[in-house]
Structure formats: C-alpha cells, structure tokens
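The values are calculated or read from the model by the stated rules, or taken from the named source; none is laboratory data. The shown structure was predicted, so the numbers you read here are calculated from the model rather than taken from an experiment. When we count neighbours, we look across all protein chains shown, and the Cβ atoms used for this are built from the backbone with ideal geometry, even at glycine.
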Amino acid sequence: MLESIILGTVQGIAEWLPVSSEGLLVLAQVKLFGSEAPLEELIRISLFLHLGTFFASLIYFWSDVKKLTVLLAGYLTRKRSTETAEPADRKVLGFLLTATAVTGTIGVLLLFGLKGIEDKIELGGRGVMAFVGALLLVTGYLQLKTRKNTPVQTKAGPGSAFGGVETKSEKDLKFVDAILLGIMQGFAVLPGLSRSGLTVAGLLLRKFDDTVSLRLSFLMSMPVVLAGNIFLNADKFALNANLLAGLFASFLFGLATIHILLKFARRINFGYFVLFFGILTLASVFV
C-alpha cells in the first residue's frame with residue numbers, strides 16, 4: 001500500500017508541472033519498487049492514477065466544466081438555448097471535442113504499437129529506463145526551445161500586444177488549433193513526454209495568452225483521462241485497497257497543490273531540470 005500512496009503522491013504533485021508525471025511514475029515503479037511489468041502495464045497504472053488528478057481538476061475547473069457540459073447537452077438535445085451561448089464557450093467546446101478525438105486515435109495507436117514492440121523485443125527494466133530517459137531529454141529540449149521563442153507576457157490581458165506579438169484568447173480558437181494540439185497531446189501517452197508541457201508549449205507557439213494556454217491545457221486532459229480509463233482500463237483492474245489508496249493520494253495531493261503549482265509552473269523554466277533528470281535516468285541504465 002505504501003508503494004501506491006507514494007505513486008499517487010507523485011502523480012498529484014507532478015501533474016501540474018511540465019515534467020511528465022507519467023514518466024516519473026514509470027521510473028518510480030521500475031527504479032524504486034523494482035517492477036518488471038511490461039511498459040504497457042506501467043502506462044495503464046499511471047493512467048489509472050491520473051483519475052485522482054482528474055477529480056482534482058474537476059473541482060478546480062468546475063465552473064468551466066459545468067458550463068461546457070450544459071452547452072454540450074443543449075447541442076445534443078437541440079435546445080435553442082445554445083444560440084445564446086457565448087461564442088468563446090462554443091469555440092472551446094468544439095476545440096475540446098476535436099482535440100479529444102484526435103488524441104484518442106493517436107494514443108490508442110501508440111499503445112498498440114508499444115505492445116507490438118514489446119512482444120518482439122524484451123525491453124526489461126533497463127530498456128524502459130532508457131526509453132523514458134530519451135523522451136525526458138526531448139521534453140526538456142522542447143521546454144527550453146519554447147521559452148526561448150515565446151516573449152515574456154506582461155499583465156495585459158488576452159488579446160493585448162506584448163513584445164510586438166498579439167496574443168489570442170478562447171474566441172480565436174480554430175479547427176487547426178484543435179488538430180495540432182490533439183496530435184501533441186496524443187504523443188504524450190509515451191512516458192517521458194510531458195502532456196502539459198507539450199500542450200502549453202503548442203498553445204503558446206500558436207500565440208495564445210499564457211493564462212488561456214494553461215486553462216485549455218488542463219481542460220483538454222480531463223475528457224482524455226476519463227475516456228482512457230473507461231475504454232482501456234475498465235476491464236484491466238479490479239479495485240482493491242492498494243489502488244484506492246493511490247487514487248486517494250493522487251486526488252488529495254492534486255487538490256492541495258493545483259493552485260500554487262500552476263502559478264509556480266508559469267514562472268519557472270523546467271527545461272533544465274527535465275534535461276538533467278533525463279541524463280540521470282539514462283546514466284542509471286549503466287549503473
């Protein structure tokens with residue numbers, strides 16, 4: 001049970017930071033607890049623990065979730081009340097639905113691909129470590145590149161000019177944004193690639209305001225985590241005390257840290273940290 005609590009705690013804290021919580025969970029299972037499970041199973045356990053931070057996000061973003069759910073229900077029942085919905089809300093709903101569909105398609109294909117590779121090549125603990133370490137280096141590089149190419153924003157609101165660049169808000173979302181961000185989030189199924197890091201970086205590079213980028217990034221994660229657990233994990237796990245302990249720890253620490261860590265993540269460049277951690281991970285393969 002201690003292992004599950006530790007893993008849940010890692011998930012609850014790391015989810016809000018661009019450091020790949022999934023990669024950290026896989027590394028913890030292999031390095032700290034000596035797991036010899038296939039990489040696909042390690043990813044499934046990580047996905048299950050994401051449910052804890054899903055519920056934390058649900059509480060934190062409840063007003064947004066409620067508004068979008070009501071709007072979606074209105075479209076499904078063809079209620080005329082949807083005609084009075086804010087244009088920005090309609091844009092966000094369309095963005096989330098499209099991005100989720102793209103993410104789901106890519107994520108499932110990658111998971112089946114990983115399973116096929118493991119069926120032919122026995123990765124083992126060292127192989128998993130090398131794989132995750134390499135992807136952590138990719139995440140660190142992308143973090144540094146994004147911060148270098150993105151102007152520092154002032155306190156001016158969305159849509160204001162800063163550094164000669166006009167920032168965008170939710171009302172500026174386009175179909176191409178949903179496709180691109182869905183693809184980026186889909187690749188984050190690979191442990192070591194930070195979902196929040198990739199999606200926030202993508203939104204910033206598309207010139208969206210930093211606050212808008214963080215909000216959209218975490219709204220994007222919610223339907224994917226829920227659907228992923230329903231379709232990929234529902235028949236794989238029988239709930240027991242260990243799993244519930246990990247889930248509760250993920251939820252508790254996620255809810256306790258979400259506000260402060262989201263603010264912290266906006267001010268600190270984690271690229272160097274992730275690069276350093278990736279190098280250490282790769283070095284540990286040979287120790």
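If you go through region 108-140 and keep only what is farther than 18 Å from ARG44 by Cβ and either surrounded by 19 or more Cβ atoms within 10 Å (Cβ to Cβ) or at pLDDT 75 or above (or both), you end up with MET129, ALA130, GLY133, ALA134, LEU136, LEU137, VAL138, THR139, GLY140.
Here is a yes/no grid of residues against (1) at pLDDT 85 or above; (2) β-branched (Val, Ile, Thr); (3) loosely packed, with under 12 Cβ neighbours inside 10 Å:
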{"site": "ALA37", "(1), (2), (3)": "no, no, no"}
{"site": "ARG44", "(1), (2), (3)": "yes, no, no"}
{"site": "TYR60", "(1), (2), (3)": "yes, no, no"}
{"site": "LEU76", "(1), (2), (3)": "no, no, yes"}
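Give me the residue from region 1-35 that is in a helix (DSSP H, G or I) and among the hydroxyl-bearing types (Ser, Thr, Tyr) and, out of that set, surrounded by the fewest Cβ atoms within 10 Å (Cβ to Cβ). Selected residue: THR9. If we scan region 222-245, do we find a residue that is part of a helix (DSSP H, G or I), charged (D, E, K, R) and either on the phi < 0 side of the Ramachandran plot or buried (at least 22 other Cβ atoms within 10 Å of the Cβ) (or both)? No, there is no match, as no residue in region 222-245 is part of a helix (DSSP H, G or I), charged (D, E, K, R) and either on the phi < 0 side of the Ramachandran plot or buried (at least 22 other Cβ atoms within 10 Å of the Cβ) (or both). Of the candidates SER4, SER21, SER46, SER63, the single residue that is among the polar types (S, T, N, Q), under 22 Å from GLU170 (Cα atoms) and out of contact with any Ser or Thr (no Cβ under 7 Å at 6 or more places or on another chain) is SER63. Per this entry, SER221 is counted among residues that are in contact with a Lys or Arg (Cβ under 8 Å, 6 or more places away or on another chain) and small (Gly, Ala, Ser). Go through the residues of region 44-55 one by one and say whether even a single one is within 24 Å of ILE279 (Cα to Cα), in a helix (DSSP H, G or I), in contact (Cβ under 8 Å) with a residue 12 or more places away in the chain and within 18 Å of the chain's Cα centre (by Cα). The answer is yes, given that some residue of region 44-55 is within 24 Å of ILE279 (Cα to Cα), in a helix (DSSP H, G or I), in contact (Cβ under 8 Å) with a residue 12 or more places away in the chain and within 18 Å of the chain's Cα centre (by Cα). You will find that of THR105, THR100, THR150, THR167, the residue that is in contact with a helix residue (DSSP H, G or I) (Cβ under 6 Å, 6 or more places away or on another chain), of a type in the set (Val, Ile, Thr) and modelled with pLDDT of 60 or more is THR100 and no other. The C-beta contact set for region 258-285 (first residue closer than 25 Å to PHE54 by Cα and of a type outside the set (Gly, Ala, Ser), second residue assigned to a helix (DSSP H, G or I) and modelled with pLDDT under 75, distance under 7 angstrom, 6+ apart or interchain) comprises ASN269/GLN143; ASN269/ARG147; PHE270/GLN143; VAL274/GLN143.
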